[in-house]
Each structure stands twice: as structure tokens, then as C-alpha cells.
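Quick notes on the structure that follows.
The values are calculated or read from the model by the stated rules, or taken from the named source; none is laboratory data. Not measured: the values here are computed from a predicted model. Don't worry about glycine lacking a Cβ; one is built from the backbone with ideal geometry, like all the others, and counts go over all protein chains shown. Side chains are part of the model used for accessible areas, which takes the heavy atoms of the whole protein and leaves out ligands, DNA and RNA. Shrake-Rupley method; radii C 1.70, N 1.55, O 1.52, S 1.80 Å.
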Amino acid sequence: MIYFDNSATSPIDEEVVDAMLPYLREEYGNPSSKYYAKAANAKSAVEDAREKVAMLLGAKHEEIIFTAGATESTNFIIKGYLDYRKYYGDGKNHIITSVVEHKATLNTCRFLNGEIYSNADPTVSLFEENKRVDRGFEASFANVSSNGEVDPKSIEELIKPNTAMVSIIHVNNEIGTINDISGISEICHTKDIAMHSDITQSLGKIPIDVKRLGIDYASCSAHKLYGPKGVGAAYLKADDYGICPITAFLHGGEQEFGVRAGTLSVHNIVGFGKAAEIALRDTEENDKKIKKLDEMLIENLREIQWISLTNKTDKRIPGIISIIIDKTDFNNERFIKHISDRLAISTGSACSAGEPSYVISELGLKEQVNKVLRISLNKYTTQDEVGQLIKILKDEV
């Protein structure tokens, strides 16, 4: 089977596996324990990984908090920042995001906005339908262009006196659109508004410098850059006194500077650190390879008259290609099932499996949602595999 669903998860790098194994077998100590060698070795490994992840982001090591993944990081940052600012700061309680964010951001903001309590059953309670509650926060959702881009001006128009944070994804996980994060953050910082970005789909694929982009908070996962699942990081900007105060998401022990309780998953953290180290070393080389494959794929797709791109602009990261199959009888779910023994491909985000893509709908393509396929490449993808993909599309659609 050929794998073209790397936006959902990437294969783990063998160097990462090798780095993790000792911490599953011999070095199994708890880094929060004291004095004995296994604990000290585990703590040292965690801090080494923290430094490597920080270097990949252009951050300081103390600005990296390890989490279970980008979804936890996003929940922690948005809920934690707004809670602290409302109840311990200046009282501001409003967040702005966009309608095409990852579900982790959208549903966190909808929760704070009193719209939902659950991800699976968001509008029905045990007592009445469409109940809305006042959790003490507000959220606004900016519309996007036809290629999924968030216009900084649309963010500026939604700012209110009580706006505390803006959260915009760096690279869209379904259509690959690259947003102008530095332009948005510049607007935010003139009005004392914090800037959060989900950088999961850009980290390790293109150079990231959180300081240059003007990002105050960021979320990411290891498994999108050839690392293990179940581990991610929250970037929290520090000042001269350390990371700025934020309400903890998980309460308990004093791990991770007191803001994220729980025993650290050392082997996963080591794997994340190794994946970050490899990405820093190989980003330029991998970027060139994926760009070349991307160009080859796009060139071949454009020769097929019934295929078009959802994002036709150059504001798209190489390696994430969303296409529309313009055939009356085509259904993306049925097609994916039909070729599932030969090809791994998706209709969109794995977090919205079984649902029509809200991202595609927000592009003004609601009537074509069931005709969209997402193709995503990785550093191991070959030209021959791209050729086989094209052949399957031509022969089976």
C-alpha cells in the first residue's frame, strides 16, 4: 500500500525509534524522582529533548512544555491564557479565531463561547436541545478567502476592547494554505493581544522562528514530523522572569514548571527531541525533495481535465494537495474504500472522520464536499509512488 495521508500522521523515523528504545528498556526511571541514576538519566534526557525542540522553534528551552500532543497544547494555551487573564489579570475574556481552524481550536473556542460541552454531541444536553451557557468568555470566528487564507484585516475588524487572544493556524491541515501569521501578530501586539498559532503542519517542513513570526503561544505534535504519537509541546513565550503566568490545564504534581501535571512520557519525549534534531538537520534537503514531488504531482493532476485544486495559489505548503474530482457519480468516501488496499489517502482531517469537511464548505465549495481528496507527501515518498497515484486516479475514478 502506498501512503499519502501524512497530514494525519507521518511514519516514524528509524533514528527516532533507536533513540527511544533505551528509555523503554533500561532507562525507565521517573524524571521527577530524585537522587538515583535512573531518575537522573531520565531527567537529563527530557531536558536534552526540550533543548532540541526549542531549537527547532527558535525558542528558549524553558519556553517548551511537553504535552500529549497539539490538541492538549491548544486546549491548555487557550483555556489557560483566557482564564488567567480574566480572573487574575485585566479581565479581558474574548478570543478571535477562524472558521477553518483545526477542531482542537474550533471546539475549544466554541466550548468557551458556551456553545458545546462535548465533541461528539455538541448541541444536545440531557435536559434540552441547543442549550447555551455563559462560561464567562466570548469567541468570534473570522471568515476566510476562497483559498482558505485568513486576511489580517478580517481579524482586525473583529477586535473588541475585551479581546485577549487571537488563534490562527499557520498551515491549514486540509488544504495546505499558509497564513500570514507575522501580519496578524503585528496587529495583535499593537493592542496588547496575545497571538497563538497551531504550527503542527508547518513545524519540521519549513523553517519556523516563533520570535520572527511574532507568536506568543504555539501548539505542535511530534507525529507530524516523523516522531512518535502521544507527545507534543506547548510553546509559552517567556520574559526576563520566565514564562508568563498561565492557568494549569492539568492539576496535580509540579511537573513542567507547575503548569502541566502528570508523569512525563520519557521515551516519547526523547523521540520528539530526536525528531526535532533530525528536522533541524534535514529540513532544507527534505523541503527540496518534497517540492520536486509536489511539482510533479501538480503538473500531472492539471493534465486530468476533471481534477482541480481547492487552493490554486502559491500560498500553499508543498506536500499538502487538496483536489476536487469533478465527476457527477464520484463520491470520495466510496472511492477511498475501493482503493484502500492499494492507497492510503483521505477526504480531509482525521479529526473529522465521518463528517463532511467544514473547511471545504467554508471555501464556498459546500456542494463539492463529497468530491474532495487530500493528498499529503512525506520525505520517504518516491517519484514512482507519485506515478502510481496518478495512474490509480486516472484508472479508478
* Structure fact -> Within region 10-19, restricting to residues that are closer than 18 Å to L280 by Cβ and assigned to a helix (DSSP H, G or I), the one that is least open to solvent (accessible area, probe 1.4 Å) is V16
* Asked: Of the residues in region 48-70, how many are open to solvent by 70 Å² or more (accessible area, probe 1.4 Å) and either at pLDDT below 95 or of a type in the set (D, E, K, R) (or both)?
  -> 3
* Of the numbered conditions (1) at pLDDT 95 or above; (2) in contact with a helix residue (DSSP H, G or I) (Cβ under 7 Å, 6 or more places away or on another chain); (3) open to solvent by less than 10 Å² (accessible area, probe 1.4 Å), R342 satisfies every one except a single condition; which is it? -> (3)
* Would you mind stating whether D198 is among the charged types (D, E, K, R), crowded, with 24+ Cβ neighbours inside 10 Å and farther than 24 Å from I324 by Cβ? => yes
* Structure fact -> Of G230, G258, the only residue that is at positive phi and surrounded by 15 or more Cβ atoms within 10 Å (Cβ to Cβ) is G230
* Would you point out which residue out of S308, S376 is out of contact with any helix residue (DSSP H, G or I) (no Cβ under 6 Å at 6 or more places or on another chain), among the hydroxyl-bearing types (S, T, Y) and in contact (Cβ under 8 Å) with a residue 60 or more places away in the chain? => S376
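Within region 201-224, which residues are assigned to a loop (DSSP other than H, G, I, E, B), open to solvent by 10 Å² or more (accessible area, probe 1.4 Å) and not basic (K, R)?
Quick first cut of region 201-224, residues assigned to a loop (DSSP other than H, G, I, E, B) only: 201-202, 204-205, 207-209, 214-216, 222-224.
Adding the requirement that they be open to solvent by 10 Å² or more (accessible area, probe 1.4 Å) leaves 204-205, 207-209, 214, 216, 223-224.
G204, P207, I208, D209, G214, D216, H223 - these are the residues of region 201-224 that are assigned to a loop (DSSP other than H, G, I, E, B), open to solvent by 10 Å² or more (accessible area, probe 1.4 Å) and not basic (K, R).
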* modelled with pLDDT of 95 or more, out of contact with any Cys (no Cβ under 9 Å at 6 or more places or on another chain), crowded, with 16+ Cβ neighbours inside 10 Å and part of a strand (DSSP E or B): does that describe A164? -> yes
* Asked: Any idea which of L301, L293 is at pLDDT 95 or above, assigned to a helix (DSSP H, G or I) and either open to solvent by 10 Å² or more (accessible area, probe 1.4 Å) or in contact with a helix residue (DSSP H, G or I) (Cβ under 6 Å, 6 or more places away or on another chain) (or both)?
  -> L293
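Within region 304-324, take every residue that is outside any loop (DSSP other than H, G, I, E, B), more than 21 Å from the chain's Cα centre (by Cα) and among the aliphatic types (A, V, I, L, M) and give me the one that is farthest from E174 (Cα to Cα).
If we take residues in region 304-324 being outside any loop (DSSP other than H, G, I, E, B), more than 21 Å from the chain's Cα centre (by Cα) and among the aliphatic types (A, V, I, L, M), then I307 is farthest from E174 (Cα to Cα).
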* Of the criteria (1) in a helix (DSSP H, G or I); (2) more than 18 Å from N6 (Cα to Cα); (3) open to solvent by less than 70 Å² (accessible area, probe 1.4 Å); (4) at pLDDT 95 or above, which one K391 fails -> (3)
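Within region 167-200, track down each residue that is part of a loop (DSSP other than H, G, I, E, B), of a type outside the set (A, V, I, L, M) and more than 12 Å from the chain's Cα centre (by Cα).
Here is the first cut: in region 167-200, the residues part of a loop (DSSP other than H, G, I, E, B) are 168-170, 172-176, 179-180, 190-193, 199-200.
Subsequent filtering for residues that are of a type outside the set (A, V, I, L, M) retains 170, 172-174, 176, 179-180, 190-192, 200.
Within region 167-200, N179, D180, T190, K191, D192 qualify.
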* Residues located in region 209-244, provided they are at pLDDT below 95 and over 21 Å from V46 (Cβ atoms) -> D239, D240, Y241, C244
* Asked: Somewhere in region 95-103, is a residue basic (K, R), under 15 Å from the mean Cα position of the chain (by Cα) and open to solvent by less than 50 Å² (accessible area, probe 1.4 Å)?
  -> yes
* Y35 vs. criteria out of contact with any helix residue (DSSP H, G or I) (no Cβ under 9 Å at 6 or more places or on another chain), of a type outside the set (K, R), open to solvent by 20 Å² or more (accessible area, probe 1.4 Å) and not in a helix (DSSP H, G or I) -> yes
* in contact with an Asp or Glu (Cβ under 9 Å, 6 or more places away or on another chain) and in contact (Cβ under 8 Å) with a residue 24 or more places away in the chain, is that true of I64? -> yes
